[in-house]
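The structure appears below as structure tokens.
The values are calculated or read from the model by the stated rules, or taken from the named source; none is laboratory data. Everything numeric in this text was worked out from a predicted model, so none of it was measured. Every residue, glycine as well, gets a Cβ built from its backbone with ideal geometry; the counts of neighbours run over all protein chains shown. Heavy atoms of the whole protein, side chains included, go into the accessibility calculation; ligands, DNA and RNA do not. Shrake-Rupley method; radii C 1.70, N 1.55, O 1.52, S 1.80 Å.
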Amino acid sequence: MLIRRTRRWEIPEREATPESSFLSRRELLGGLALGIGAIALAGCDPRSPLRGGDDAEILKTIPAAHPPFPFARNARHTLDRPVTRELVAARYNNFYEFSSEKDQIWQLTERFLDHPWQIEVAGLCAKPGTFAIEDLLAKFPNEERLYRHRCVEAWAMAVPWSGVPLARLLERVEPSVDAKYVRFVSFNRPKEAPGIDSQPWYPWPYFEALRIDEAMNELAMLVTGVYGHALPKQHGAPVRLVVPWKYGYKSAKSIVRIELVAAQPTTFWSDLEPAEYDFLANVNPTVPHPRWSQASERLIGTLETRKTIEYNGYGQEVARLYQ
Ligand SMILES: Nc1nc2c(c(=O)[nH]1)N[C@H]1C(S)=C(S)[C@@H](COP(=O)(O)O)O[C@H]1N2
Ligand SMILES: [Mo]
């Protein structure tokens with residue numbers, strides 16, 4: 001995710017790639033020469049994480065399939081493309097608490113303790129409560145769903161998530177009539193996640209939000225697993241959101257708190273750059289990002305590019321929310 005940095009440091013905008021990160025001035029200046037070299041080398045350097053040479057190391061970050069995993073697949077959710085290879089998805093992540101470098105997240109999560117874990121659900125509801133990850137797995141209807149995932153940076157993947165429709169958790173706490181939005185807050189433990197202290201210009205913790213009707217839509221999912229096992233840390237262990245018709249930044253990872261609120265909350269990226277990362281963030285090929293087109297998307301782990309589909313292909317389920 002690239003943020004225009006001219007606002008803070010008056011650096012001319014010269015990045016060509018949306019995958020650049022929000023660098024400090026020193027890093028940016030030092031990185032220009034390095035960056036050119038890195039781009040030229042990416043295709044031939046055998047140590048490049050994109051080459052696959054790290055498979056054995058990445059495998060160590062992937063949990064084994066202990067019960068209650070895997071959950072039964074809900075056959076209603078089908079794909080128009082192959083499932084992304086697991087080790088491709090596990091080595092290419094956005095998780096700024098660890099790093100802004102997608103191919104390094106998986107290597108930086110060692111100190112992150114994803115256990116024990118609980119989500120506090122609070123705010124405008126009759127029965128606020130705290131739910132341990134074990135409760136989410138045992139006391140709610142988990143299932144597996146094949147979903148497309150589309151990042152605002154125009155890369156896409158398709159993976160088998162497993163988890164619980166968010167609506168099941170919200171129903172449990174009985175939202176009040178004045179609860180119009182749902183806010184999600186990620187963990188904030190700098191000792192366990194090196195990107196927090198090293199990127200102090202971000203407003204930690206990561207926070208996101210949905211309208212209540214979006215949150216209650218059956219597609220919005222509290223995800224506890226992927227590829228038939230618990231979530232690896234780089235995917236947002238032990239529980240994250242997945243909202244497949246919206247750009248990926250709406251799907252907060254490693255959630256510790258969910259709040260029901262009356263007014264539209266601010267969000268991490270829209271706060272930083274409202275013109276670039278809007279609140280709704282519905283996937284739409286006809287609305288370009290201010291600095292790149294959204295007409296097509298790149299399928300990670302392949303050389304394939306596809307046309308972006310409105311609502312990421314979920315229009316039948318969600319278009320009525322926006323009429
Ligand atoms: N807490 C937190 N959640 C986050 C992010 C993040 O940096 N921090 N990045 C978001 C973005 S931009 C995307 S595309 C997805 C990436 O999920 P993945 O790495 O599992 O593919 O996570 C989203 N959730
Ligand atoms: Mo993203």
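Worth pointing out:
- Residue, farthest from ligand 1 (Cβ to nearest atom), within the range 105-119, restricted to residues that are farther than 24 Å from Asp55 by Cβ and surrounded by 15 or more Cβ atoms within 10 Å (Cβ to Cβ): Gln118
- For the range 1-23, the count of residues that are in a loop (DSSP other than H, G, I, E, B) and either within 21 Å of Leu231 (Cβ to Cβ) or at pLDDT 90 or above (or both) is at least one.
- Scanning the range 53-104 for residues that are basic (Lys, Arg) and either more than 16 Å from ligand 2 (Cβ to nearest atom) or open to solvent by 60 Å² or more (accessible area, probe 1.4 Å) (or both) returns Lys60, Arg73, Arg76, Arg81, Arg85.
- Matching residues in the range 240-265 - criterion: being aliphatic (A, V, I, L, M) and within 24 Å of Ala230 (Cβ to Cβ): Leu241, Val242, Val243, Ala252, Ile255, Val256, Ile258
- Selected residue (criterion: most open to solvent (accessible area, probe 1.4 Å)) from residues of the range 155-187 that are out of contact with any Asp or Glu (no Cβ under 8 Å at 6 or more places or on another chain) and closer than 21 Å to Thr267 by Cβ: Lys180
- Checklist (1) more than 16 Å from ligand 2 (Cβ to nearest atom); (2) more than 20 Å from Lys102 (Cα to Cα); (3) crowded, with 17+ Cβ neighbours inside 10 Å applied to Tyr227, failing item: (2)
- Qualifying residue in the range 281-303 (condition: within 16 Å of ligand 2 (Cβ to nearest atom), more than 29 Å from Leu108 (Cβ to Cβ), within 15 Å of the chain's Cα centre (by Cα) and at pLDDT 95 or above): yes
- Qualifying residue in the range 82-102 (condition: more than 20 Å from the chain's Cα centre (by Cα), over 29 Å from Glu317 (Cβ atoms), more than 12 Å from ligand 1 (Cβ to nearest atom) and not polar (S, T, N, Q)): no
- Ala220 fulfils the conditions (1) under 26 Å from Arg81 (Cβ atoms); (2) touching a residue at least 60 places away in the same chain (Cβ under 8 Å) except for a single criterion, (2).
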